[in-house]
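Here's the structure we're looking at; comments come further down.
Read-outs throughout are calculated quantities, based only on the coordinates presented, and are distinct from any laboratory measurement. This is a predicted model, so every value here is computed, not measured. Positions of Cβ are backbone-derived with ideal geometry, glycine not excepted, and every protein chain shown enters the neighbour counts.
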Amino acid sequence: MDKYINIVALNVPYPANYGGIIDIYYKIKALHAAGVKIILHCFEYERPPARELDELCQAVYYYKRRTGWPANLSVLPYNVYSRKHAGLLKNLSANDYPVLFEGLHSCYYMNNKHLPGRLKVYRESNIEHDYYRMLAQSCTEVVKKAFFLVEAWRFRRYQQIIGQADLTLAVSMADTDYLRKAFPGKRIEFMPSFHPGYEVTAAPGQSDFILYHGKLSVVENEQAALYLVRHVFSKLSCTCVIAGMAPSARLKSAIATYPHIRLEANPAEERMAALVKEAQVHLLVTFQETGLKLKLLNSLFAGRHIVVNKAMLTGSGLSPLCHIADTPGEMIAACARLLAEPFTPEETARRTQFLIPAYSNKHQAGRLIQMIYGEK
């Protein structure tokens with residue numbers, strides 16, 4: 001018997017080049033490979049429709065977001081209310097298949113009376129009120145800071161919608177524990193992010209540069225990149241690369257001061273994959289203990305030595321595979337040491353044993369199918 005599912009995505013999940021979008025795209029790909037027929041609903045936001053999704057889905061529907069100040073005139077989070085669209089409700093009502101809501105941003109119709117008796121799955125990517133509160137703490141622009149604080153308040157109130165889901169998939173073990181306490185009696189399962197790696201491809205060998213990568217327009221990632229430029233990379237003499245989408249003028253200016261620090265802005269997917277593969281050391285830091293950092297999982301599957309601070313590992317269970325450094329001095333020392341150590345085939349094998357099958361897309365797709373349909 002054919003298995004169908006509606007997936008409601010907060011944005012167009014292609015190209016898969018940042019955070020939650022990577023999780024959504026590779027989840028779609030894994031479910032499609034397992035024979036699930038997908039009806040995809042996605043909101044257009046700074047990304048055009050993608051023909052590549054037609055190859056993976058039975059149908060793809062696109063909806064315009066209601067952006068701008070009118071969408072802020074609500075007690076609902078702006079990121080939720082701006083994704084209210086009558087066409088989405090109409091299309092969801094046209095079938096009786098399970099609905100997977102990707103992130104709180106997509107949950108406007110979670111408890112709608114026109115979707116009675118539907119199996120509803122919520123995919124958690126962050127504890128959103130914590131995430132926006134931390135964004136506010138990191139932000140220096142007054143208006144943006146105020147927006148983040150208001151959005152954090154709204155998301156704290158809105159979080160109760162999770163209680164309407166039949167199944168919640170949490171992205172980290174820490175978030176799983178939090179949600180189980182917040183919603184006792186509800187089914188909350190840990191399911192790590194889906195990602196580009198189908199097998200561990202970390203290449204033995206040695207190169208001469210350190211890499212930090214992420215979506216640089218995100219406040220959290222820009223803060224981390226600036227910290228590394230000022231306190232770590234500037235103290236090293238080797239080549240240091242910062243790669244990612246939409247870097248700010250402030251970050252560009254900070255990097256331009258140092259000839260040995262190179263910015264790769266908006267790299268194509270192939271170029272980013274090459275940087276991840278070739279870097280001798282991945283230096284990944286965060287100051288927000290929220291969700292599972294997908295850049296960490298991607299680096300472990302495809303990259304060499306990984307240096308992280310403790311916040312990057314929160315709730316991940318991945319600490320045995322990483323070198324932990326919390327201060328600039330510790331990061332500098334770890335990078336200097338690992339630049340001189342070739343990455344070995346034994347380390348690749350150890351990662352494979354640790355990450356497969358628990359963190360493989362095929363395994364997680366099988367679990368999800370079993371949870372929703374009761375069969376593999």
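For region 21-27, the Karplus equation 6.51 cos²θ - 1.76 cosθ + 1.60, evaluated at θ = phi - 60°, returns couplings of 5, 4, 4, 5, 4, 6, 5 Hz by residue, with Gly and Pro reported as x. Between Q137 and F209, the distance separating the two model label sites (each 7 Å from Cα on the Cα→Cβ line) works out to 3.3 nm.
The alpha-carbon positions of the chain define a convex hull whose volume is 135 Å³ per residue.
With θ taken as phi - 60° and the Karplus curve 6.51 cos²θ - 1.76 cosθ + 1.60 applied, the whole-hertz 3J(HN,Hα) list for region 196-206 is x, x, 8, 8, 6, 10, 3, 8, x, x, 7 Hz, x standing for glycine and proline. Calculated FRET efficiency, D54 to L149, Cβ-Cβ distance, R0 = 45 Å: about 0.65 to the nearest 0.05.
Taking θ as phi - 60° and the Karplus parameters 6.51, -1.76 and 1.60, the scalar couplings of region 52-67 work out to 4, 6, 5, 6, 9, 10, 5, 8, 10, 10, 10, 10, 7, 6, 8, 7 Hz in sequence order, x denoting glycine and proline. Taking the charge dipole of region 209-355 about its Cα centre, with +1 at Lys and Arg Cβ atoms and -1 at Asp and Glu Cβ atoms, the residue from A225, F287, H323 reaching farthest to the positive side is A225.
At a Förster distance of 30 Å, what's the computed FRET efficiency of F287 paired with R187, Cβ-Cβ distance as r, to 0.05?
Numbers: r = 32 Å, r/R0 = 1.06.
The formula returns an efficiency of 0.40 here.
Does anyone have the angle between helix 361-373 and the longest principal axis of the chain? Alpha-carbon axes, 0 to 90°, nearest 10? Approximately 20 degrees, to the nearest 10. Of A265, M312, A334, which is farthest along the charge dipole of region 209-355 in the positive direction, counting Lys and Arg as +1 and Asp and Glu as -1 at C-beta? Towards the positive end, the residue furthest out is A265.
Among M371, M110, a tally of other beta-carbon atoms within 10 Å of each Cβ gives an order, fewest to most, of M371, M110.
Can you figure out the FRET efficiency of Q164 with S248, using R₀ = 30 Å and their beta-carbon distance, to the nearest 0.05? Between Q164 and S248 the formula returns 0.20.
Counted by neighbouring Cβ atoms within 10 Å, the residues S316, S253, S138, S248 run from fewest to most as S253, S248, S138, S316. The stretch between E269 and N95, if pulled fully straight at 0.36 nm per residue, gains 59.1 nm over its current Cα-Cα span.
With the simple spin-label model, which puts each label point 7 Å out from Cα in the Cβ direction, the T257 to Y62 separation comes to 4.2 nm.
In the chain, the DSSP-assigned H stretches of four residues or longer account for a calculated mean residue ellipticity at 222 nm of -11500 deg cm²/dmol, using -39500 (n - 2.57) per stretch and the full residue count as denominator.
Amide H contacts for I7 (H built 1.01 Å from N in the peptide plane; partners 5 or more residues away or on another chain; cut-off under 5 Å): I39, L40, H41, L100. A cut-off of 5 Å between modelled amide H atoms, ignoring neighbours fewer than 5 places along the same chain, links R262 with C240, V241, I242.
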